[in-house]
1. Can you tell me what percent of all Cα-Cα pairs in the stretch 60-123 are more than 13 Å apart?
2. Only bridges whose two residues both fall in the chain count here: according to DSSP, what percent of them are antiparallel, nearest 5?
3. Collect residues whose amide H, placed 1.01 Å from N in the peptide plane, falls under 5 Å from the amide H of residue 136; neighbours closer than 5 in sequence don't count.
4. Read phi for every residue in the stretch 137-149 and hand back ³J(HN,Hα) as whole Hz from Karplus 6.51 cos²θ - 1.76 cosθ + 1.60, θ = phi - 60°, with x for Gly and Pro.
5. Could you give each residue of the stretch 17-22 its phi-based ³J(HN,Hα) in whole Hz, using Karplus coefficients 6.51, -1.76, 1.60 with θ = phi - 60°, and x for Gly or Pro?
6. How large is the accessible surface per residue of the chain, computed with a 1.4 Å probe and reported in Å² as a whole number?
7. Report the accessible area of residue 130, computed with a 1.4 Å probe over the heavy atoms of all protein chains in place, in Å² rounded to the nearest 10.
8. Roll a 1.4 angstrom probe over the protein heavy atoms and tell me the percent of accessible area of the stretch 1-103 that is carbon or sulfur.
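The values are calculated or read from the model by the stated rules, or taken from the named source; none is laboratory data. Predicted model only: the values in this text are computed from it and were never measured. Accessible surface areas use protein heavy atoms only, side chains included; no ligands, DNA or RNA. Shrake-Rupley method; radii C 1.70, N 1.55, O 1.52, S 1.80 Å.
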Amino acid sequence: MAELATIARPYAEALFRAAPKGEAAGWAEQVAALGAVAADPALRQFADSPKVAAQQVFDLVVGVAKQALVPGVQNLLRAMIENGRLSALPEVAAQFHALVNASSGVSDATVYSAYPIEPAALADLVVTLEKRFGRKLSATVALEPELIGGVRVVVGDEVLDTSVKARLEHMKVALTA
């Protein structure tokens with residue numbers, strides 16, 4: 001079987017071309033919600049049953065997603081169900097999100113922190129990180145208590161680690177060398 005990324009690419013690109021320029025981010029949220037629903041193994045097992053009609057699967061996915069879908073996203077979902085490609089929907093959502101980010105010049109950033117970050121502090125941190133990385137960032141925070149303090153930021157394949165754990169590791173290497 002072909003890799004999910006290979007299967008998902010044409011769907012993501014077609015949806016990106018169909019999305020109006022100003023509405024692509026909203027479409028990405030809808031597709032992400034559908035992708036989260038389609039990732040459930042029980043749902044995929046239900047969808048793969050030969051006794052279940054495509055409309056039943058469509059109604060179930062839309063009902064569980066609890067999203068009002070624009071016609072373009074509805075068409076994507078129908079096409080994927082009819083072609084037996086529902087398992088590729090999470091990957092379609094990821095690739096579509098990447099296309100939307102690339103077109104708007106935004107990169108995803110994951111900020112790992114030992115403690116929760118207040119929204120105002122996160123906004124200040126994002127401004128500083130945008131200057132450091134030289135592009136607009138869409139940041140999400142993930143808690144990682146083993147960092148002890150500070151943050152580790154991952155943007156694509158770039159990592160900025162200012163955590164206490166990283167500093168202690170550097171000191172350990174310096175002292176044992």
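1. Of the Cα pairs, 76 percent sit more than 13 Å apart.
2. Working: 9 of 17 bridges.
Within the chain, antiparallel bridges account for around 55 percent of the total.
3. Hits under the 5 Å cutoff: 107.
4. Values, residue by residue: 10, 10, 9, 10, 10, 10, 7, 9, x, 5, 6, 6, x Hz.
5. Calculated HN-Hα couplings, in order: 5, 7, 6, x, 3, x Hz.
6. Working: 10480 Å² over 177 residues.
For the chain, the per-residue accessible area is 59 Å².
7. 40 Å²
8. Numbers: 3130 of 5660 Å².
Carbon and sulfur atoms account for 55 percent of the accessible area of the stretch 1-103.
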